[in-house]
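The values are calculated or read from the model by the stated rules, or taken from the named source; none is laboratory data. Just so it is clear, the model here is predicted, and its values are computed rather than measured. Cβ: placed from backbone, ideal geometry, glycine included. Neighbour counts: every protein chain shown. We work out accessible area using only protein heavy atoms, side chains counted, and drop any ligands, DNA or RNA first. Shrake-Rupley method; radii C 1.70, N 1.55, O 1.52, S 1.80 Å.
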Amino acid sequence: MRNISLKNGLTAIIREANPEDAPRLLRYIEQVSGESEFLTFGPGEFEITVEKEKEFIKSIKDIENALMILVELDGKIVGMLNFNGGTRPRTRHRGEFGISVLKDYWGHGIATAMLEYLIEWAKEHEILKIDLMVREDNERAIKLYEKLGFKREGHISRYFKLRKKFYGVIYMGLEL
Ligand SMILES: CC(C)(COP(=O)(O)OP(=O)(O)OC[C@H]1O[C@@H](n2cnc3c(N)ncnc32)[C@H](O)[C@@H]1OP(=O)(O)O)[C@@H](O)C(=O)NCCC(=O)NCCS
């Protein structure tokens, strides 16, 4: 657990998720899924029960190369990041993550703090490469990743289909 100072002067905490966070995390996920269309699921589409989410968080805690962190402000979850490493010896040293922040809290440095935490944790856990996938028109997220040193590595067309319109994704990566 660590304190982070936000750009608005407030202090939030960043910590690893616990199984007991499952109900609140699911409510958080339901809210963020309706606040932007950059995630791979929309409202009502995450479809995970509290029990399953609890098991998932517990399994992450037991896996050496996986991490789930959340940011709390006045006891409210305002951001989360989930990193999963490869499961086989040849891919165990790398992994991918997903990240989100509640819209009311964008622009205060919350995602930056979570990524800095991830990078530090990764270095301590023998992770040598962090990958991610981002919708090609998600300029805010792309700027954030580039700021932290991620490089563009590739493009996949038609990854998203939303209201009959296709969007490609960019693969980005950070070598540690
Ligand atoms: C992308 C997201 C995680 C960023 O979270 P955040 O807490 O607002 O990010 P931060 O405040 O730490 O950093 C934002 C960075 O984005 C960039 N940025 C901020 N506002 C921007 C804007 N209006 N346009 C473009 N870039 C912008 C800047 O580089 C900024 O860093 P800086 O302030 O140090 O210059 C958040 O907007 C979000 O949850 N979006 C919806 C879900 C999503 O897109 N997830 C990523 C999927 S790959």
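List of remarks:
- Entries of Lys52/Lys76; Lys61/Lys129; Lys58/Lys147 with Cα pairs more than 26 Å apart: Lys58/Lys147
- Of the solvent-accessible surface of the chain, computed with a 1.4 Å probe and all protein chains present, 49% belongs to carbon and sulfur.
- When peptides 118-129, 148-159 are ranked by their average number of other Cβ atoms within 10 Å per residue, the highest-first order is 118-129, 148-159.
- Pairwise centroid distance, computed over Cα atoms, of region 115-133 with region 1-66, Å: 18
- Under the criterion of Cα pairs below 8 Å and six or more residues apart, the relative contact order for region 1-89 equals 29 percent.
- Residue among Trp121, Ile57, Gly75 farthest towards the positive dipole end of region 1-127, charges placed on Cβ: Trp121
- Selection from Ser36, Phe46, Pro19, by position along the positive dipole direction of region 19-72 (Cβ): Pro19
- Residue ranges 133-139, 40-46, 99-105 sort as 99-105, 133-139, 40-46 when ordered by packing (mean number of other C-beta atoms within 10 Å per residue, highest first).
- Contact order, relative form, for the chain: 17 percent (alpha carbon pairs under 8 Å, 6 or more residues apart, mean separation divided by residue count).
- Heavy-atom accessible area per residue - region 108-153, 1.4 Å, Å²: 52
- Given charges at beta-carbon only (K, R positive; D, E negative), |dipole| of the chain in Debye: 540
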